[in-house]
Amino acid sequence: MSLNLTFTGNIFNSATIAYISNEVNYQVYFYKVNSTSSTSKWSNIRSTSFGQYNFNLADSDLLGTDGIASSGDRILILFWTPNTEIRSSLVLTEWSMIEHTLSASTLYTQDVQTLDPQNPNCDFTINSTNTVQTNITITDFSSDDSQMWSYASMLHYQIPTKYGQSIFDINSLPFGSIDIDWDDSNSSLNQNPGSTYTHVYSSSGDYNISVTLTNNSSLTCNQIISKRIYWREPDTNFSISNTNPNPQGENGLGEEITFTNTTNDPDSRASIDSWNWDWTISDTGAFGNFTDTQLNKTYIFSPTHEFGNPGTHNITLITNWYDGFSWNTNTEIKFITQEMWDIVCGLNWSPPVYKDIEKVFTPNITGDVIHITNVDYTVDYTTFYNSYSYTDELHITFDISDNHTITQIIDYHNGFELSIKTDDFSVTMNSICNFIVTDSVCGKHFSDDSVAGKPPFINYKWEILHGGNIIASFESSVTDYFDYAWPYIGLFDVKHTIKDSNNEIVIKTENFEITECPVGGGPGETIIIDRGSSYGFIEREKIPRLRVQRVKLEDELNIEVKLSYQD
């Protein structure tokens with residue numbers, strides 16, 4: 001069976017008006033998909049007749065009667081005007097193509113119509129910026145070529161990259177362009193589609209921005225964007241000559257403070273539009289209400305104020321400004337702290353501090369000392385020292401060994417009223433370690449004579465050292481004496497350690513020389529023999545005319561005594 005597949009249809013322009021003659025050229029391309037089909041091929045260029053196109057695949061300039069077309073193969077028809085141009089021209093005014101996929105059951109197709117080319121679709125957005133001297137940005141989301149659409153079972157295109165250079169030599173068709181009239185005697189012409197476009201307005205006003213898109217078929221669309229541009233917002237601000245003023249005298253008023261307008265007018269419209277400013281100074285408190293408001297002041301107005309209340313107060317500046325369409329306000333609030341004269345207590349002394357020994361305490365008072373009327377002291381909240389100056393020394397003799405508290409009381413004027421400042425100083429008494437030494441038979445008796453910084457003592461310790469080595473020791477929480485019988489003659493150290501209720505540890509060491517123990521006696525006398533124990537003695541019975549020949553001390557528990565008896 002010979003090939004007989006016919007296509008016919010009417011051609012309309014972009015205004016949906018049918019062409020009536022041979023205004024449109026077209027060319028057919030058979031696109032081979034199946035391996036058994038004939039080779040892909042272009043037909044000759046043809047012209048429409050009475051606004052219609054007509055061809056058969058069996059035409060001699062296509063596949064011929066012996067040609068083979070199978071399901072899945074495609075027919076592409078390219079239309080363009082004016083018909084005086086060739087298909088690869090760069091100045092094609094209108095062009096379009098349709099695509100048809102063959103199927104086994106399709107032998108004849110007719111009335112395939114096209115309305116080509118299509119108008120572009122304008123879609124532009126503008127940013128929210130709306131003040132002078134800032135970038136106004138338009139973004140292009142438009143389509144500068146036609147979209148695909150389906151009509152009479154055919155797909156229509158005006159996209160030059162649909163099949164690429166290998167099929168159609170139309171990739172070099174001119175791109176569209178964007179023209180913008182910013183409505184302020186400025187334009188942006190021949191801009192690339194699909195981009196962003198910026199503009200800066202130098203004056204406030206209502207602007208109607210006209211954006212025109214021209215596609216590569218010289219068809220256009222237009223979008224009007226309305227934009228209101230305002231003068232820029234001022235930065236309301238002011239400076240304060242002193243944010244922490246002191247009193248200027250004992251009259252309940254602070255130092256004079258000046259507030260200076262530093263508002264920034266970015267468009268220099270203050271004088272042109274007659275801007276004005278409102279000042280409010282809040283000064284309320286226990287010493288009265290001094291709030292002051294100054295309205296409709298000029299830029300150069302700088303209020304001053306002497307605050308009559310200590311503490312934190314607010315100052316408000318309001319800018320009344322014109323944005324080009326209406327009046328607006330901007331507010332700035334700052335704070336100031338009215339200070340008072342202040343005193344810092346202080347007291348110096350050097351350790352140690354002992355019972356019954358006079359100690360000198362030196363005041364270390366700082367701050368606004370010239371406003372001090374007098375300084376008082378209390379000791380342990382009872383003893384009162386009255387009407388000192390802030391430089392007078394304090395002489396105290398403590399007659400009780402314990403921790404003590406000195407309270408410094410300062411009367412002064414804070415600039416608004418008489419005031420009192422107090423502080424407590426803890427005085428820690430130091431312990432004194434001491435003991436009394438008395439002789440005992442063949443030994444020594446040590447009695448504690450220490451003074452506790454904070455009584456009572458909680459620990460007593462005695463140590464006997466010979467040649468640097470401890471040969472005897474005794475420790476107790478209640479016993480304040482120690483007896484020791486010497487085992488042999490020589491030099492010894494006695495080390496006494498105490499701990500008071502403040503956990504203060506104090507140590508005293510003394511040395512002694514011991515001679516030979518006189519243990520001999522006559523008849524009827526008592527002989528006392530050293531056992532060598534830590535403390536204590538043994539009393540022997542009376543032996544008449546007893547004479548000690550020799551005493552040998554072996555250790556603490558074994559004593560060998562050799563005696564001779566004479567009747």
Can you tell me, using C-alpha contacts under 8 Å and at least 6 residues apart, the relative contact order of region 305-390 as a whole percent? 20
Could you state the principal axis extents of the C-alpha atoms in region 266-315, from the largest down, to the nearest angstrom? 44, 17, 12
Could you size up the charge dipole of region 343-427 around its Cα centre, putting +1 on the beta carbon of Lys and Arg and -1 on that of Asp and Glu, and report it in debye to the nearest 20? 140
Going down the list Lys444/Lys495; Lys454/Lys499; Lys355/Lys444, which pairs span over 19 Å between their C-alpha atoms? Lys355/Lys444
How many percent of the alpha carbon pairs in region 381-501 exceed a separation of 26 Å? 47
From the Cα gyration tensor of region 343-427, with a ≥ b ≥ c the square roots of its eigenvalues, which class applies: rounded if a/c is under 1.5, or else prolate if a/b is larger than b/c, or else oblate? prolate
Can you tally the net charge around Ser477? Count Lys and Arg as +1, Asp and Glu as -1, for every other residue whose Cβ sits under 14 Å from the Cβ of Ser477. -2
Report the far tail of the P(r) of region 238-338, meaning the percent of Cα-Cα pairs longer than 24 Å. 28
Percent RCO, i.e. relative contact order, over region 435-514, from Cα pairs under 8 Å lying at least 6 residues apart: 31
If packing is taken as the mean number of other Cβ atoms within 10 Å per residue, what is the order of 337-345, 439-447, highest first? 337-345, 439-447
Say a paramagnetic label sat at a point 7 Å from the Cα of Thr280, along Cα to Cβ; which residues of region 316-346 have their backbone N under 16 Å from it? 316-320, 329-336
Can you order the peptides 475-481, 272-278 by their average number of other Cβ atoms within 10 Å per residue, highest first? 272-278, 475-481
Running Debye on region 435-514 with equal point scatterers at the Cα sites and no solvent, what base-10 log of I(q)/I(0) appears at q = 0.12, 0.17, 0.27 Å⁻¹? -0.33, -0.64, -1.37
Simple Cβ-charge dipole of region 435-514, Lys/Arg +1 and Asp/Glu -1, about Cα centre, in debye nearest 20: 160
Ranked by Cβ crowding within 10 angstrom, fewest neighbours first, how are Phe482, Phe398 ordered? Phe398, Phe482
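Read the figures in this text as sums done on the coordinates, not as results from a lab. Worth saying up front: this structure is predicted, and the values here are computed from it rather than measured. Virtual Cβ from ideal backbone geometry, glycine too; neighbours counted across all protein chains shown.
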